[in-house]
Amino acid sequence: RKEVEQDPGPFNVPEGATVAFNCTYSNSASQSFFWYRQDCRKEPKLLMSVYSSGNEDGRFTAQLNRASQYISLLIRDSKLSDSATYLCVVFSGGYNKLIFGAGTRLAVHP
Amino acid sequence: EAGVTQFPSHSVIEKGQTVTLRCDPISGHDNLYWYRRVMGKEIKFLLHFVKESKQDESGMPNNRFLAERTGGTYSTLKVQPAELEDSGVYFCASSPGTSYNEQFFGPGTRLTVL
């Protein structure tokens, strides 16, 4: 079983749509959680951290459910520029490394 | 401020040859990480330096891979001899501090072994 699992997609949505991505992780001792964004042939870049209380950054909302070991990302009012691969990432504090999901591809069309 | 840089951006070599990848972290970042993404798979951790010391090399695939960070500045990752399955994108990342801080990724080196 993979340590971080994501639906690979692709999610094809029109501009203005709301889209949600989910992710599960297997290690209950994981400490920190993130969503990274990766554009085609580019490096991953931190989109936002994920907290149990939920956090919002503009059109993006992230949520963590520790009991279910589940992480989500909601994108409202999708823009063409949101097209990318979204990586669910877990930081394993004991090992001081990032563990990546395979990514969910989003394509926003006009 | 300059970000993480990697050299070369692309490398195409034949099976059995040697390749050395270089990473220059953000100035002042003690932590340096190597990750790799092979085709169709997730990005995977290879190893972690704190300054010049290897903190964790549990992700290194085998002894054909050798990473160094002499002087605690830039790092090199040598693959010798390269095999077909070593093809992929090798990312370097750096971060400051001792607890979790955002890891800043370099643009990656795309390695193709023929």
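The values are calculated or read from the model by the stated rules, or taken from the named source; none is laboratory data. Being a predicted model, the structure only gives us computed values, none of them experimental. Here the Cβ positions follow ideal geometry from the backbone for every residue, glycine too, while neighbour counts run over all protein chains shown. Areas reflect the complete protein model, heavy atoms only, side chains present, ligands, DNA and RNA absent. Shrake-Rupley method; radii C 1.70, N 1.55, O 1.52, S 1.80 Å.
Chains B and A: how much accessible area gets covered up at their contact, both sides added, probe 1.4 Å, in Å² to the nearest hundred? Present the calculation step by step, with values, prior to reporting the outcome.
Details: alone 6490 and 6180 Å², together 11010 Å².
Rounded to the nearest hundred, the buried surface is 1700 Å².
For the stretch A:1-52, state the semi-axes of the equivalent ellipsoid (square roots of 5 times the eigenvalues of the alpha-carbon gyration tensor), sorted largest first and rounded to whole angstrom.
Rounded to whole Å, the semi-axes are 22, 14, 13.
Quote the accessible area belonging to A:Asp7 in square angstrom, nearest 10, computed with a 1.4 Å probe and with ligands, DNA and RNA left uncounted.
Spelled out: A:Asp7, probe radius 1.4 Å, area about 80 Å².
Can I get the semi-axes of chain A's equivalent ellipsoid? Compute them from the C-alpha gyration tensor as square roots of 5 times the eigenvalues, in angstrom, largest first.
For chain A, the semi-axes come out at 23, 15, 12 Å.
Using a 1.4 Å probe on the protein heavy atoms only, what accessible surface does A:His109 show? Give it in Å² to the nearest 10.
Its accessible surface works out to 80 Å², give or take rounding.
Amide H of B:Ser87 versus every other amide H placed in the peptide plane: which residues, excluding those fewer than 5 positions away on the same chain, fall under 5 Å?
Those lying under 5 Å, H to H, from B:Ser87 are B:Val113.
Is any residue of the stretch B:3-43 close enough, with backbone N under 15 Å, to a label point placed 7 angstrom from the Cα of B:Asn62 along the Cα-Cβ axis, and if so, which?
Label zone hits: B:15-18.
Which entries in the list A:Lys97/B:Lys15; A:Lys2/A:Lys79; A:Lys42/B:Lys15 go over 28 Å, if you measure between the two C-alpha atoms of each?
A:Lys97/B:Lys15; A:Lys2/A:Lys79
Cross-link candidates for B:Lys54: which aspartates and glutamates have Cα within less than 13 Å, leaving aside residues fewer than 8 places away along the same chain?
Filter leaves B:Asp30, B:Glu68.
With a Cα-only, solvent-free Debye model of the protein assembly as shown, what are the log10 I(q)/I(0) values at q = 0.07, 0.11 Å⁻¹?
-0.23, -0.56
Counting only the heavy atoms of the protein chains, how much of B:Thr20 is accessible to a 1.4 Å probe, in Å² to the nearest 10?
Around 70 Å² of this residue is reachable by solvent.
Using the alpha carbons of the stretch B:8-114, what is the convex hull volume per residue in cubic angstrom, as a whole number?
Numbers: hull volume 10.0 nm³, N = 107.
Convex hull volume per residue, Cα atoms: 93 Å³.
When the label point is put 7 Å from the Cα of A:Glu3 along its Cα-to-beta-carbon vector, which residues of the stretch B:23-37 have a backbone N closer than 19 Å?
Under 19 Å, as judged by backbone N against the label point of A:Glu3, lie B:31-37 of the stretch B:23-37.
Rank A:Arg41, B:Arg22 by accessible area, highest first, at a 1.4 Å probe radius?
Final ranking, largest accessible area leading: A:Arg41, B:Arg22.
Report the residue, chosen from A:Lys97, A:Lys45, A:Lys79, that carries the largest GNM mean-square fluctuation when chain A is represented by alpha-carbon nodes joined by springs under 10 Å.
Taking springs between Cα atoms under 10 Å, the residue moving most is A:Lys97.
Tally up the carbon and sulfur contribution to the accessible surface of the protein assembly as shown as a whole percent, 1.4 Å probe, everything protein left in place. Let's see the in-between values first.
Details: 5360 of 11010 Å².
Answer for the protein assembly as shown is 49 percent, counting heavy atoms of protein chains only.
Tally the DSSP beta bridges in the stretch B:1-111 and give the antiparallel ones as a percent, rounded to 5.
Just about 95 percent of them are antiparallel.
If you roll a 1.4 Å probe over the heavy atoms of the protein chains, what accessible area per residue do you get for the stretch B:5-83, in Å²?
With the other protein chains kept in place, the stretch B:5-83 gives 52 Å² per residue.
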